[in-house]
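Scroll down for the structure; my scribbles are underneath it.
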Amino acid sequence: MLLTMLYDTRSIQLVKENIDSGTAEGITYAIELLDVFLSEQLKKRVIPILDDLTLAERTNRLEDFYPRIKLDSQLVLKFMINRDFAQSNRWTKACVLFQIGILGIKDFKLDLIAQLFNPDWLLREVSALALYKISPETYEQNARRLGEMVKRELDALVIHSKRMTRFEKVLYFQRQPVFKDVPGITLSLLADIAEEIHLKKQDTLILDEKLNNNFYIIVAGKVDFFQAGNLVSNFGAGQFIGEMIASPAFINSNLIVAKSQVVVLKLNKDQFYELVSDNVKLADNVLEFI
C-alpha cells in the first residue's frame, strides 16, 4: 500500500500477486520486479524482507538501517520487568520474576521489592517468593511494610508453603489436557478465581448448594463421590467434579470423602464461564473436552 504511493499501482499489484502465490518462482519474480523500479535505498530495506534468507542473514542485511541494542541476559530480564503493559502482560512479567528467583540474581533486589508492592497478587506472590530465595532478611524487612494481614498471607505461601501460589496454579493448569495450548495470561486469570481446599483422610466436602454452582478439580489425592448415601464414583488427580452433579434431593445428598491427603481447587462456574466467553482458545478446549 505504501509503495503504491510512490510507484505505478499496476506494477506493485503484480509484485503482490506473485508474493501471494507462495511459490519460489513467484517470489523470485517479484523480487526481480522490485529490483528494476525501486530506489537503491528502498531495495536495501525491502528486498531482504522478501528474499529467501535465514533470520540471521536477514538481520545482518538490515543491521545497518535498524541497529539493535546488544543486551546481556540480565538486561533482557530487567527490560521485560519494566516493559509497559501495552507491550507485555502479567504472566510474562511473572515468568521473569520467577526466573530471577531461580537464578538467584541479587542485583534485582530493588526490582523485586518494587513488585512486592504491586496490587496484582500474581506479581506480588512470585516476587515475594523470588526475594525470599535470594535474601530472607530483605524479604522480612520489606514484607512488614505491607501490613500484618498481607504479610501473613505471603508468609503462608512463601515460608510455610501452606497453599499453592497463583503461579503454581498456572503451572498445574498447563499440565492438564483440557488447558493444552491455552495462553498463560488466560490461565493466570483462571488461577485468580481458583480457591484451594485441603482435606485430610476421611474428611468430607459437601457439594450441595442451591444451584451446585462450582467446579472442583482434584490436584492431588483420591476421593469417593457419594450421592444420596451411595458410592457413585471415584476421582483422582486431574479430574473434574461438579458439572454433572444432580440437584440435591435432600440435605448433604452430594459429597466427596477423601481417601488420602487431598488438594482441591474450587472454581465458581459463573466466573469460569465469563472467562471462557472472553477467550476463544479456552472455549474451544472446553467444548472439545466435554
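Worth pointing out:
- According to the calculation over all Cα-Cα pairs in the chain, the P(r) per 5 Å bin from zero is 1, 5, 9, 10, 10, 10, 9, 9, 8, 7, 6, 5, 5, 3, 2, 1, 0 %.
- Charge tally in the Cβ shell below 14 Å around residue 119, where Lys, Arg are +1 and Asp, Glu are -1, residue 119 excluded: 0
- If only the Cβ of Lys and Arg carry +1 and only the Cβ of Asp and Glu carry -1, the dipole of region 90-231 around its Cα centre is close to 260 debye.
- Under the convention that each Lys and Arg Cβ holds +1 and each Asp and Glu Cβ holds -1, the size of the dipole of region 73-162 around its Cα centre is about 60 debye.
- Cα-Cα pairs of region 73-162 separated by more than 15 Å (percent): 53 percent
- Prolate/oblate/rounded call for region 3-62, Cα gyration tensor, a/c under 1.5 rounded: oblate
- Stretch gain in nm, segment residue 278-residue 9, where the contour uses 0.36 nm per residue and the Cα spacing is subtracted: 92.8 nm
- Extreme residue, positive dipole direction of region 44-170, given options 59, 154, 96 (C-beta unit charges): 154
- Electrostatic tally near residue 148: other residues with Cβ closer than 15 Å to its Cβ, Lys and Arg +1, Asp and Glu -1, net +1.
- Flagged links, alpha-carbon separation over 23 Å, of 169/281; 78/133; 162/281; 43/70; 162/222: 162/281; 43/70
- Size of electric dipole in the chain: Cβ of Lys, Arg +1 and of Asp, Glu -1, about Cα centre, debye, nearest 20: 1140 debye
- Relative contact order (%) - criterion: Cα under 8 Å, at least six apart; region: the chain: 12 percent
- Of the residues 282, 186, 231, the one whose Cα sits farthest toward the positive end of the charge dipole of the chain, with +1 on the Cβ of Lys and Arg and -1 on the Cβ of Asp and Glu, is 231.
Any read-out appearing in this document is the output of simple, stated calculations on the displayed coordinates, not a laboratory observation. Values in this document were obtained by computation on a predicted structure and should not be read as measured data. Backbone-built Cβ (ideal geometry, glycine too); neighbour counts: all protein chains shown.
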